[in-house]
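Throughout, read-outs are computed from the coordinates displayed, never taken from laboratory work. None of these values were measured; they are calculated from a predicted model. Here the Cβ is made from the backbone with ideal geometry for all residues, glycine too, and neighbour counts use every protein chain on show.
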Amino acid sequence: MAILAGWLALGCGAALALAQGEQPTAAEKRSAMTLVLPPSPKALLPEAFDGWEQMEPSKVVTDPAQADPTNGAALKEYGFSAGLTANYKREGQTLSMRALSFDDVSGAYGAYTYYRQNGWPKEEIGTGAASNHNRVIFWKGTTVVDASYSQIGPMTAGELRAIAKQLPEPIGNRAMAPPILASLPQARLEGQATHYAIGPAGYAGGGGVLPAVLVGFDKGAEAVTASYGLQSGEATLTIIDYPTPQMAEAQEAAIRAYLKAGSQAQPAWPKPLTDSDQASLEVRRSGPLVAVVSGDAIPEESHRLLESVHYEASLTAIPQQVESEIAKTGRLLLGITALSVIGAGAAILLGGFLGGGRALYRMATGKPISSVFDEEFIHLDLRDDREERIGAINGPNPKN
């Protein structure tokens with residue numbers, strides 16, 4: 001019984017320990033990803049709002065070349081996923097709108113800065129907005145809306161704010177803004193002249209200072225170009241973020257050699273470089289960031305602006321398993337051992353209780369503790385039979 005109980009306890013302990021080891025921990029539950037499908041393009045623009053009614057059914061596009069034939073390459077770089085175009089009319093006025101949806105906030109912000117040109121007045125619509133005569137561009141979440149009115153009215157901004165409120169909000173990693181924006185110095189920054197690019201088409205179309213081939217987008221680089229109104233003149237700061245400091249070091253050397261070559265550089269300097277004060281051109285690296293300053297500011301102010309770019313390394317702990325495989329195995333063996341000892345002890349106690357209880361009961365009823373000598377106990381009496389046979393053998397033979 002003790003052996004049987006021990007084996008049962010061993011099996012139960014192993015099954016229990018394995019079941020506990022297979023259950024997800026609290027950290028694993030927190031790290032579980034939730035799949036969120038992107039909203040339908042039909043939900044980006046309403047069929048009617050504030051008296052505006054669609055002249056024909058809206059059109060859904062999934063090809064960036066169809067959404068914008070001229071700038072399709074840049075939209076593809078920013079992660080264009082789908083779009084919706086619609087034409088409205090109201091009391092003789094017309095409105096043409098297109099809503100462009102991107103994979104994440106970074107792509108939407110980059111596309112917005114690509115379309116918004118320097119000097120466009122700022123508008124308070126969505127997360128960011130700008131206007132140019134009868135054209136208004138704004139973005140919110142992962143969506144960029146481009147609206148072209150036949151005539152701008154006093155309620156135009158309010159109408160677009162109502163549309164912006166209905167746009168979907170991203171969650172998780174899709175809602176993260178480009179980290180490179182945090183490296184821009186904020187003093188004297190012209191917010192309406194910042195352009196973010198993750199590819200050569202977006203960089204060139206957003207007023208990039210350097211040749212796109214020199215930036216190294218094929219290496220996974222991201223670039224932001226910003227304008228600063230310094231006291232001595234306008235300055236343009238270009239920050240390029242590379243995956244590793246080693247890659248940034250190599251590109252810094254290439255950019256420095258390119259700027260030093262001047263008119264002999266290949267490819268030839270773009271117009272933003274030729275229009276800059278060559279004494280103010282400077283390049284500097286900070287960690288994985290490479291910063292280039294250009295423009296008309298005096299060298300002292302340009303150098304001060306460049307020195308304000310600093311990469312702050314932030315250490316992020318990578319989530320690890322709460323228990324290693326060795327710890328799980330040890331916990332399993334410890335559980336098996338404990339349950340085996342408990343089962344064996346229980347079997348011994350049970351045997352002692354049953355056997356001791358029976359012995360006490362026989363003692364209380366006046367019987368011997370052991371039942372070997374009980375009359376009802378079946379036995380063969382081999383000893384008595386042997387003695388009788390020995391006597392018969394030793395006695396006289398009946399036949400003499």
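Please compute the modelled spin-label separation between ALA253 and ASP275, points set 7 Å along Cα→Cβ, answer in nm with one decimal.
3.3 nm
For the stretch 169-263, rounded, prolate or oblate, judged on the Cα gyration tensor with a ≥ b ≥ c (square roots of eigenvalues), a/c < 1.5 rounded, else prolate if a/b > b/c?
Verdict is oblate for the stretch 169-263.
Please give, to one decimal in nm, the separation of the simple spin-label points placed at SER150 and ALA48, each 7 Å out from Cα toward the Cβ.
1.9 nm
Whole Å is fine, so just give me how far the alpha carbon centre of the stretch 154-221 lies from that of the stretch 69-113.
Measuring centre to centre over Cα atoms gives 14 Å.
Tell me the net charge near TYR78. Cut-off is 12 Å between Cβ atoms, TYR78 excluded, with +1 for each Lys or Arg and -1 for each Asp or Glu.
Residues near TYR78 contribute -4 overall.
Any idea what Rg and Dmax come out to for the stretch 57-117 if you just take the C-alpha atoms, in Å?
Cα radius of gyration and Dmax of the stretch 57-117 are 12.6, 39 Å respectively.
Over 27 Å between C-alpha atoms is what I'm after, so list which of LYS219/LYS271; LYS76/LYS219; LYS140/LYS219; LYS59/LYS140; LYS122/LYS260; LYS140/LYS271 land there.
Among LYS219/LYS271; LYS76/LYS219; LYS140/LYS219; LYS59/LYS140; LYS122/LYS260; LYS140/LYS271, the Cα-Cα distance tops 27 Å for LYS140/LYS219; LYS122/LYS260; LYS140/LYS271.
Among ASN173, PHE217, TYR203, whose Cα projects farthest towards the positive end of the dipole of the stretch 144-223, with charges put on the beta-carbon of Lys, Arg (+1) and Asp, Glu (-1)?
ASN173
So who's got an amide H within less than 5 Å of the one on ALA193, skipping anything under 5 residues away but keeping other chains? H placed 1.01 Å off N, in plane.
Amide H neighbours of ALA193: SER227.
Taking R0 as 51 Å, what's the FRET efficiency between ILE326 and LEU181 from their Cβ-Cβ distance, rounded to 0.05? Numbers along the way, then the final one.
Numbers: r = 44 Å, r/R0 = 0.86.
Result of the calculation: an efficiency of 0.70.
Work out the FRET efficiency for ASN394 and LYS367 from their Cβ-Cβ distance, taking R0 = 56 Å, and round it to the nearest 0.05.
Efficiency computed from Cβ-Cβ geometry: 0.90.
Mind giving me the FRET efficiency for GLN246 and HIS133? R0 is 56 Å, r the Cβ-Cβ distance, nearest 0.05 is fine.
Approximately 0.75, to the nearest 0.05.
Would you mind putting 159-171, 222-234 in packing order, based on average other-beta-carbon counts within 10 Å, highest first?
With the highest mean Cβ count within 10 Å placed first, the list reads 222-234, 159-171.
How far apart, in nm, are two points set 7 Å out from the Cα along the Cα-to-Cβ line at ASN87 and at LYS165?
Simple spin-label model gives 3.0 nm for this pair.
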